[in-house]
1. Need one word for the stretch 161-241: rounded, prolate or oblate. Basis is the Cα gyration tensor (sqrt eigenvalues a ≥ b ≥ c); a/c below 1.5 gives rounded, then a/b vs b/c decides.
2. Taking 0.36 nm per residue of sequence separation and subtracting the Cα-Cα distance, how much length would be gained by fully extending the chain between residue 279 and residue 197, in nm to one decimal?
3. Would you mind calculating the relative contact order of the stretch 75-152 from Cα pairs under 8 angstrom and at least 6 residues apart, reporting the percent as a whole number?
4. What FRET efficiency comes out for the pair residue 79/residue 151, r = Cβ-Cβ distance, R0 = 25 Å, nearest 0.05?
C-alpha cells in the first residue's frame, strides 16, 4: 500500500526494513518525486502467514501500489490484498509488475487486469519494472506523480483520529506512538484522548519526515511523543482522538458483500490498525448486525474489513453503517 502526501518517522530505535519483513510487521519509507510531491510507502507483509497483519497497513491510506512479480504472477496473497483494499474503500492506485527481467511483464499485466475486472481497482495504470536493470523506474515515478496529482485533499475537520500501529520508547523522551493520520490534525501541546483508557494525554513532541514539526495535517505519517504515558498503557490498534468528538459503539448494522454463514459467526473486524473479535449475525440478504468485543470510535458510512478464521475477507459497504449503540 502507499500513502501519498504523507510522512513517516525514522529513529535510531526503529527497526530496519529487513527486520520488519522478517517479523511480518509494517514497514515505512518515503521519497520525493520529480514533481516535488512527497510519497510515503506503507510496506505491508505479503507472505502468506503474515497476511492477517496486512489490514493494519491499509487503514486510512488514499491509494495503493499493487506489486506483482512477473515470474510469479497473481497469487492467493495478491487476491487477499485486493479484497482488503476493496473492503477498506481504497479505490485508486498503480499496478506495478516487478522482476520483468525474470518473466513476461506484459503477460503479468494482462492477467492482473483480468483479475481486477469488476472490482473498484479495475483499470489501474500499469507499469512494468526491473530493479536490477532499472527498466520502467522513470515510468513508475511518472505514474506516481499522476496519482498524487489526482488524489483529493482531505477536508478539514476537528474530528481527529489516529490509529496507532507502532509503540516504542525513546530514551529521554518517553513513549512514542506512530500511525497514519487519516483525518484532522495534531499539533504540539494538543490534548487528545487515548481511546482504550478514556484518558486525556498531551502531545509533547511531534515528528514527520524524520524531523520535528509543530503541526501535522491529514494524510500524514506521524510519530507522537506523549507526555507522561507509560509504554504499557498503549498498544497497536488503540486510537488517539479529539476529546468530545467521538462516541464509541459496540453494535451496529452493516451491509456485507459476502457472508458464508448466515448464523452468528465469530470473525475479526479490521478498522484502522485495530483487529477486534466480533460476532456477525445475518439480518437479511447482504446485511448483518455486528457486535464487537469492545467499543470503537467508528464512522457512519465508512468501509472496513471482516476476516474469517478460514482467511476469507468480508467487505462492509461504505454507505450503510447504522450505529446502534
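Just so it is clear, none of the values below were taken in a lab; they were calculated from the coordinates. The model shown is predicted, which means the values in this text are computed figures rather than measured ones. Neighbour counts run over all protein chains shown; Cβ positions are idealised from the backbone, glycine included.
1. Rounded, because the longest to shortest axis ratio a/c is under 1.5.
2. Computed gain between residue 279 and residue 197 is 27.2 nm.
3. Here the relative contact order equals 31 percent.
4. 0.50
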